[in-house]
C-alpha cells in the first residue's frame, strides 16, 4: 500500500510522476490518494494579525523549504502580515541565519541544546508581532515560555476516494482470517 499525500496542493504533473514511479517500482501496490488539510487550535489568533511563523528548523535549513504549514495557516486564516524575525534573532539563531541565508521570513525552531532553546525563546519574545504560529512537530509551549498569543498548526490525513486504508486492511484481515 502506498499513500500519495498532499494531492490537493501538488501539481497534476508531479502526481502523475509519482504514480508512474510507483507503477515501475511496485506494480502490485495499492495506491491511496490523500490530502493533508491543516487546522489550528485558534484561528482568531491569526485572523487580521501580524504573525511570526515558526517552522521546523531542519526543514528550513537542510531541507531548504520556504513554505510550510505555518505559512499555509497564515494564508488560510487571514493573517494581515508575516513578520520577518531576522532583525530580532539572538545567539545561535543569528548564526543559523548566517549559515542558511535563504531561510527568509520564517523562524526555524532550532532547539537541540540548552542555549539554542534559550535563544529561540528570547527571539520569539523579542519579535514585534501580534501573535505566533507554531508549525513545529512539538508544542513549543512545553519547552519555552512564549509571552505572546500563539496557536499550533496540525496536519490531518484525508483519504480521497477508493481504495482507502480501512477497506484495504479489512480485506487483508478477512483474507488472512484475522479477527
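Quick look at the numbers
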| quantity | calculated |
| --- | --- |
| Residue 70 vs. criteria outside any strand (DSSP E or B), surrounded by fewer than 16 Cβ atoms within 10 Å (Cβ to Cβ) and either touching a strand residue (DSSP E or B) at 6+ places or on another chain (Cβ under 8 Å) or modelled with pLDDT of 95 or more (or both) | no |
| Positions within the stretch 134-179 being touching a residue at least 12 places away in the same chain (Cβ under 8 Å) and out of contact with any strand residue (DSSP E or B) (no Cβ under 9 Å at 6 or more places or on another chain), in sequence order | 143, 144, 145, 147 |
| When residues of the stretch 140-179 are limited to those that are within 30 Å of residue 120 (Cβ to Cβ) and loosely packed, with under 12 Cβ neighbours inside 10 Å, the one modelled with the lowest pLDDT | 156 |
| Filtered residue count, the stretch 14-37, keeping only those that are in contact (Cβ under 8 Å) with a residue 24 or more places away in the chain and over 19 Å from residue 157 (Cα atoms) | 2 |
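The values are calculated or read from the model by the stated rules, or taken from the named source; none is laboratory data. None of the values given here were measured: they were computed from a predicted structure. Cβ atoms come from the backbone with ideal geometry, glycine included; neighbour counts cover every protein chain shown.
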